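**Q** This structure is in structure tokens; I'll ask about it shortly.
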Amino acid sequence: MRKYYMFFKVRFASGLQYRMASITALTTQLIWGIMECFAFKAIAEAMGTGLPMEYSSIVTYIWLKEAFLALFSTWTGDKDIFSLIQNGGVSYELCRPVSVYSMWFARIVGGRGSEALLRCIPVLICAFLLPGTLRMSLPVSIEAFVLFLVTLVLAVGVAVALCMFVNMLCFFTISPQGWRMVLLGSADFFMGNVIPLPFFPERFRKVVEWLPFPYMQNVPFRVYSGDLPVADLGPVMAKQVLWLVILVAAGLCTWKFVEKKIVVQGG
Amino acid sequence: MITMEHVCKSYKVAKRKAGLSEVCKSFFRREHEVIHALKDVSFSIKEGEMVGYIGPNGAGKSSTIKILSGILTPDSGTCTVDGRIPWKNRTEHVKQIGVVFGQRSQLWWDIPVIDSFELLKEIYSVSKENYNRKLEELTELLQLSEILKTPTRQLSLGQRMRCEVAASLLHEPRILFLDEPTIGLDAVSKLAVRDFIKKMNREHKTTVILTTHDMQDIEAIAERVILIGKGQILLDGTLQDLRNAAIGETADAPENAGNITIGAGVSDEESLGAQSGINLDHVMAALYKKLDIM
Amino acid sequence: MSLRKSISLYIRYAAICVRSIMEYKLSFGLMIFGRCMIAFTEFLAIRFLFDGLTEIKGYTYGDVLLCFSVMHMAFTLAELFGNGFKVFSGIVKSGEFDRMLLRPCSPILQIMGTRFEIGRTGPLITSTITLCIGIAESKVSWNLLTALTLALMIVGATFLFIGLYMLGASFCFFTIEDTSILNALTYGAKEHGKYPIDVYGRGVLRFCTFVIPYTLVQYYPLQFLLGRSTNRVLGLYPVGVVVFLAICYGVWCAGVRNYKSCGS
């Protein structure tokens with residue numbers, strides 16, 4: 001436990017040290033969120049009754065997205081791991097007496113988690129203090145909030161498992177950065193980062209729902225605001241667990257291949 | 001050729017403290033500290049001289065070089081190089097100087113060396129005849145013909161450094177600044193670079209200013225040594241003066257003699273002054289300690 | 001140095017950048033494709049939104065696409081040419097800026113030349129396509145003047161972005177801390193500039209007129225382009241970016257004078 005406390009302390013301290021960086025990040029996120037809220041306000045007015053999501057739910061969705069950006073943004077948390085893959089430093093990782101997959105998994109979760117904790121507090125405080133229609137609302141019910149936390153944990157699991165799988169695939173190409181960009185760049189959209197999934201056309205959404213992407217941030221953020229009713233949550237959570245299992249299994253299998261390749265070719 | 005008079009330069013740096021509460025505090029209020037990199041530095045160098053500019057880390061060596069090359073503006077004092085004030089007539093000034101940084105590359109990483117050279121020719125507006133003549137000369141002296149077509153990233157450090165030196169001389173500068181030119185090189189490359197520098201000086205009267213921690217470089221190249229410590233010039237003379245200074249200090253302060261002897265690793269003061277080469281590092285270490293400039 | 005000489009030198013720098021990246025062809029191709037795709041998903045989002053509506057604040061699908069394409073195109077072009085300013089803090093930290101000051105030519109030329117980023121041009125493909133769709137879908141009456149307005153919007157916005165990058169780079173001379181606040185403004189403008197600025201309400205419209213003059217290249221010329229105003233002068237508003245650029249250049253020059261090279 002002490003180890004984790006120290007790890008967190010170091011990250012927190014180094015995060016604070018970059019004073020301008022934290023202020024910059026907060027300002028950026030606030031501007032971003034406010035602009036998105038304004039845009040959706042205009043869209044909501046234009047759509048009228050055809051709006052697939054309540055406006056207040058959209059606002060809450062936007063602020064949760066900004067607050068927990070570090071948890072789901074496909075770029076954070078694994079920079080050092082990625083550079084290990086790129087420059088062949090992975091051979092050293094094999095010398096350590098732990099499973100590389102779980103170690104990296106934990107490292108990404110830790111990295112994203114501490115980053116998100118550092119960033120989410122100021123964003124949430126501001127979001128709750130904003131005037132009028134820009135203000136983020138409280139969770140619709142206590143059950144919704146509890147389920148928000150549960151699905152959030154599952155969602156992070158799915159996101160990190162996917163990230164790990166992509167990382168493992170990167171061992172097989174000479175241009176890992178390029179592939180990563182293509183794969184994770186498109187994931188951003190299907191996750192609901194550009195527009196929330198309810199805005200996707202019916203048929204398109206049906207297809208997307210067969211993919212792992214909607215089982216990340218989409219679920220907890222919509223549970224929080226009641227857009228995804230607590231009663232319907234059973235099958236959704238089941239799918240979250242299913243995808244978590246599938247992606248971890250896929251990552252582990254690929255890792256076995258990678259391990260063999262490294263041992264044979266010497267990195 | 002080069003004169004520096006009463007040059008001062010200071011920097012302001014933010015203080016960094018340890019501890020979570022200190023870090024939190026500094027988030028709101030930050031304290032600054034002024035570091036005097038150069039305090040009243042004066043010297044002059046004549047055309048064709050080869051000067052070793054030495055001192056411990058952080059003594060102000062690179063600040064001096066940067067002021068002389070026009071990158072930095074001093075807080076006060078005057079400085080002229082070849083009649084020009086470096087930071088005022090930057091463009092004209094830099095055409096006359098060549099700079100080699102041992103730890104940084106000026107060659108483009110992914111393209112053949114010769115292409116970097118061609119670009120430098122354009123940048124410095126070197127005429128075709130002059131460029132070809134100079135390139136031929138450099139290729140021969142530094143044995144570059146084999147490696148000119150190779151991308152920089154595939155060169156060994158020694159090969160790369162030879163190319164770096166050549167790149168700094170394509171525009172036939174009258175003054176050459178060398179910042180640790182032999183760092184990390186093997187014996188053969190080191191000797192080649194040193195010989196080449198001496199040759200350039202002999203044939204073209206190029207003024208050379210060399211900063212290094214490698215005392216063998218100094219011994220091989222520099223006729224004159226300027227010692228700087230904590231932003232001040234402490235000694236300006238020959239290598240022998242430097243040795244004498246180390247001994248002289250010892251003679252003046254016999255209670256410290258033990259230190260020098262231990263530091264030098266030789267049994268008596270006589271051999272400290274007499275022996276050259278191998279013991280120069282010890283001489284320097286002793287001198288730095290005497291002068292208390294570490 | 002003469003202008004001709006400067007341009008030929010810039011082209012040489014750019015050519016070297018292109019050749020360097022061509023050493024890694026697959027990586028280059030994927031970068032282009034990846035960025036192109038990301039821009040495509042943003043287009044897709046607009047397409048999806050307009051499934052459920054006919055217009056936002058009076059702007060149709062085609063109008064919004066025009067706006068989207070102009071901003072994306074300008075942003076990509078600015079990244080292509082002005083990337084050196086964007087990554088300037090790295091150039092300073094690595095000591096490369098010292099080296100640039102040792103060359104007898106303008107540091108601006110070297111900064112822009114050495115970081116000519118052909119790999120960032122992916123969105124240019126997407127935005128060209130969307131521009132065509134936008135032109136086809138919107139009901140702009142095309143003539144010489146409206147075509148000129150559109151071109152001015154793209155060029156003006158490109159220079160506006162480059163000016164912002166330059167401003168951001170200038171901050172590196174005054175502080176060693178992270179200065180990406182202006183990156184937020186440029187990315188923000190690309191991201192949110194897909195809708196005409198009045199969609200965001202009066203406050204934003206004012207900010208984008210008096211603080212950072214985005215309206216000069218987006219809202220005002222668009223009013224003329226879409227025939228919402230008959231005032232032809234609005235179509236020439238993008239030229240006003242020159243003033244903004246001059247201010248940015250002034251700050252840059254002040255910064256260079258204040259330059260303290262970092263360590264050794």
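**Q** What distance in nm lies between label points placed 7 Å from Cα along the C-beta direction at C:F174 and A:Y55?
**A** Inter-label distance under the simple model: 3.9 nm.
**Q** Assuming R0 = 51 Å, can you tell me the calculated FRET efficiency for the pair C:M22 and A:I125, based on Cβ-Cβ distance, to the nearest 0.05?
**A** 0.55
**Q** Then there is this: Work out which helices of chain C, taken as complete DSSP H runs, extend at least 15 Å along their axis over the Cα atoms and score a mean Kyte-Doolittle of -1.0 or more, then list them.
**A** C:3-22, C:25-49, C:61-86, C:122-137, C:144-171, C:181-192, C:241-257
**Q** If you stretched the chain out fully between C:A136 and C:A15, how much longer would it get, using 0.36 nm times the residue separation minus the C-alpha to C-alpha distance?
**A** The C:A136-C:A15 span can extend by a further 40.0 nm.
**Q** Between the range A:183-242 and the range B:133-211, how far is it from one alpha carbon centroid to the other, in angstrom?
**A** Between the Cα centres of the range A:183-242 and the range B:133-211 lies a distance of 62 Å.
**Q** How would the range B:53-193 be classified by its alpha-carbon gyration tensor: rounded, prolate or oblate, with rounded meaning a/c under 1.5 and the a/b versus b/c comparison settling the rest?
**A** Here the range B:53-193 falls in the oblate category.
**Q** Round to the nearest 0.05 the FRET efficiency obtained for C:V256 and A:V230 when R0 = 60 Å and r is the Cβ-Cβ distance.
**A** With a Förster radius of 60 Å, E is 0.50.
**Q** What does the charge count around A:A231 come to, taking other residues whose C-beta lies under 14 Å from its C-beta (Lys +1, Arg +1, Asp -1, Glu -1)?
**A** Combined, the nearby Lys, Arg, Asp and Glu give -2.
**Q** Would you mind computing, in nm to one decimal, how far apart the modelled labels at A:S102 and B:E146 are, each placed 7 Å from Cα along Cα→Cβ?
**A** Rounded to a tenth, the inter-label distance reads 5.3 nm.
**Q** Can you list the lysines whose alpha carbon sits under 27 Å from that of B:K121, skipping same-chain ones fewer than 8 residues off?
**A** Cα-Cα hits under 27 Å: B:K66, B:K88, B:K95, B:K134, B:K149, B:K190, B:K198, B:K199, B:K205, C:K5, C:K93.
**Q** Among C:C172, A:C95, what is the fewest-to-most ranking by other Cβ atoms within 10 Å?
**A** A:C95, C:C172
**Q** Using 1/(1 + (r/R0)^6) with R0 = 25 angstrom and r between the beta carbons of B:V188 and B:I114, what's the FRET efficiency to the nearest 0.05?
**A** Rounded to the nearest 0.05, the efficiency is 0.60.
**Q** Still on this structure, please answer the following. Report, to two decimal places, the Cα Rg of the range B:88-168 normalised by 2.2 N^0.38 Å (N = number of residues).
**A** 1.08
**Q** Sticking with this structure for a sec: Given charges of +1 on the Cβ of Lys and Arg and -1 on the Cβ of Asp and Glu, with all other atoms neutral, how large is the dipole of chain C about its Cα centre, in debye to the nearest 20?
**A** In debye, rounded to 20, chain C gives about 660.
**Q** Among the aspartates and glutamates, which have Cα under 18 Å from the Cα of C:K260 when same-chain residues fewer than 8 positions away are ignored?
**A** List returned: B:E33, B:D75, C:E96, C:D98, C:E177, C:D178.
**Q** For the protein assembly as shown, what does the helix formula give at 222 nm: sum of -39500 (n - 2.57) over DSSP H segments with n ≥ 4, over the residue count, nearest 500 deg cm²/dmol?
**A** For the protein assembly as shown, the value works out to -19500 deg cm²/dmol.
**Q** As I understand it, the dipole of the protein assembly as shown uses +1 on the Cβ of Lys and Arg and -1 on the Cβ of Asp and Glu, about the Cα centre. Which of B:I71, C:W252, A:V219 lies farthest toward its positive end?
**A** Checked the options; the winner is A:V219.
**Q** Also, quick follow-up: Could you give the distance between the Cα centres of the range A:112-135 and the range C:39-68, to the whole Å?
**A** 29 Å
**Q** In the protein assembly as shown, what % of DSSP beta bridges are antiparallel (nearest 5)?
**A** 55 percent
**Q** Among rounded, prolate and oblate, which fits the range C:25-171 when a ≥ b ≥ c are the square roots of the eigenvalues of its C-alpha gyration tensor, a/c under 1.5 means rounded, and a/b larger than b/c means prolate?
**A** prolate
Every read-out reported here was derived from the displayed coordinates using simple, explicitly stated rules and does not represent laboratory data. Remember, predicted model here, so these are calculated numbers, not experimental data. Positions of Cβ are generated from backbone atoms using ideal geometry, with glycine treated the same way; all protein chains shown enter the neighbour counts.
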